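Input: a single structure, listed below in structure tokens.
Every read-out reported here was derived from the displayed coordinates using simple, explicitly stated rules and does not represent laboratory data. Everything numeric here is computed off the predicted structure, so don't read it as measured data. Cβ sites come from the backbone with ideal geometry, for glycine too, and all protein chains shown count toward neighbours.
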């Protein structure tokens with residue numbers, strides 16, 4: 001069989017993932033008249049929305065009351081309807097939307113099962129097809145089914161069973177992992193929605209917001225991921241990176257590929273913001289907790305008592321001189337975390353610039369994470385202001401973020417920080433920006449995966 005158009009197979013773990021993480025890329029490829037298929041790999045039956053629909057509470061999403069006991073089969077059907085309508089809105093005909101009978105149970109998908117699904121659709125639509133699924137290194141809070149699909153696809157790529165693999169990063173995890181080169185081994189591509197695709201994205205989002213219980217439509221996606229849908233409508237972006245089977249790339253291809261990554265890293269920028277002081281904000285039932293440099297034992301005990309994973313790299317941060325800050329609610333849930341360092345040499349997240357601050361009394365705020373169910377409620381800005389109000393010994397505070405990360409930028413500005421400028425990864429421009437901001441001592445080292453500026 002001949003395939004005249006390039007084929008893309010999108011393997012989706014749950015209903016709504018095809019839109020939240022892959023939607024812009026899918027729409028763009030449909031408009032380019034690519035041969036696009038979207039395959040749903042689990043039944044989505046374990047969503048907490050099913051229980052929430054029967055809790056008797058009034059819902060702010062649709063102003064109705066949750067008094068609906070939905071059978072598992074009906075709940076799966078409701079989610080599948082949202083998935084199919086979303087894909088149709090993105091321009092896919094019904095024949096290219098697959099709710100496969102081979103799919104697994106939500107939360108129980110195995111690597112062997114995932115590989116079997118991928119192989120089946122490769123046989124149907126060509127082994128040269130680009131396989132698209134989720135990266136399996138998107139942080140410890142990543143759903144197990146997302147990790148399983150990524151592991152299966154990577155295993156097949158290493159065996160040569162996949163010629164080209166496109167791995168997607170969930171936008172709601174990107175901030176958490178962006179500064180970790182092991183999690184994102186190459187510079188990611190931020191796929192922006194074309195003008196013609198934006199209306200399709202909005203129509204697809206509407207499919208997950210439909211509330212009509214008489215027709216078995218419960219706006220499951222809207223209840224589950226409301227904040228993420230709002231972010232999608234605002235940013236219209238998919239985040240992904242590609243891998244190719246090594247044997248398919250000759251020497252010239254590999255050199256071109258590495259140069260492309262090098263140029264992509266050069267084009268990335270970091271916006272930086274600063275503030276001198278903040279007043280202590282009202283915490284309204286929240287408690288500010290901090291552990292200073294060297295307080296590894298206290299931090300470890302705190303994590304264990306609050307059901308927070310103890311990560312080796314975070315313990316090392318305390319040993320290296322950083323301090324840990326967080327907000328804890330009345331239920332002892334750690335809702336937002338962040339770090340502060342006064343070290344003169346440090347890395348800017350996402351593009352790994354190394355730099356020296358112009359004096360040791362500047363504090364760098366970095367690696368802020370808000371627990372998924374608590375995002376969009378202002379905890380990020382509240383934690384920023386609390387740290388600035390309580391941290392001692394700093395004349396000013398600095399924080400960096402990617403220009404693509406509008407939600408972080410908005411939170412930083414609302415916290416009282418001012419935008420000071422951008423850093424760009426090029427020899428002359430980088431030195432120019434740093435000199436204007438008072439930074440010095442920049443050197444360059446090339447390594448696999450891109451350029452890094454290090455001491």
Which semi-axis lengths, in whole Å and largest first, follow from the square roots of five times the eigenvalues of the Cα gyration tensor of region 1-153? 29, 18, 14
How far apart, in nm, are two points set 7 Å out from the Cα along the Cα-to-Cβ line at residue 316 and at residue 233? 4.2
For residue 406 paired with residue 189, estimate the spin-label separation in nm (one decimal), with each label point 7 Å from Cα along the Cα-to-Cβ line. 2.2
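Highest mean first, what order results for 309-316, 72-79, 221-228 on Cβ atoms within 10 Å?
So the peptides 309-316, 72-79, 221-228, ranked by packing, come out 221-228, 72-79, 309-316.
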What ranking, highest mean first, results for peptides 328-334, 362-368 when packing means the other Cβ atoms within 10 Å averaged over each residue? 362-368, 328-334
Along the Cα-to-Cβ line of residue 211, 7 Å from the Cα, sits a label point; which residues in region 47-67 have backbone N less than 19 Å from it? 48-67
Highest mean packing first, using Cβ neighbours within 10 angstrom, the peptides 233-242, 273-282 sort as 233-242, 273-282
Which stretch or stretches of region 84-126 have amide N atoms under 11 Å from the point lying 7 Å from residue 45's Cα along the Cα→Cβ direction? 104-108
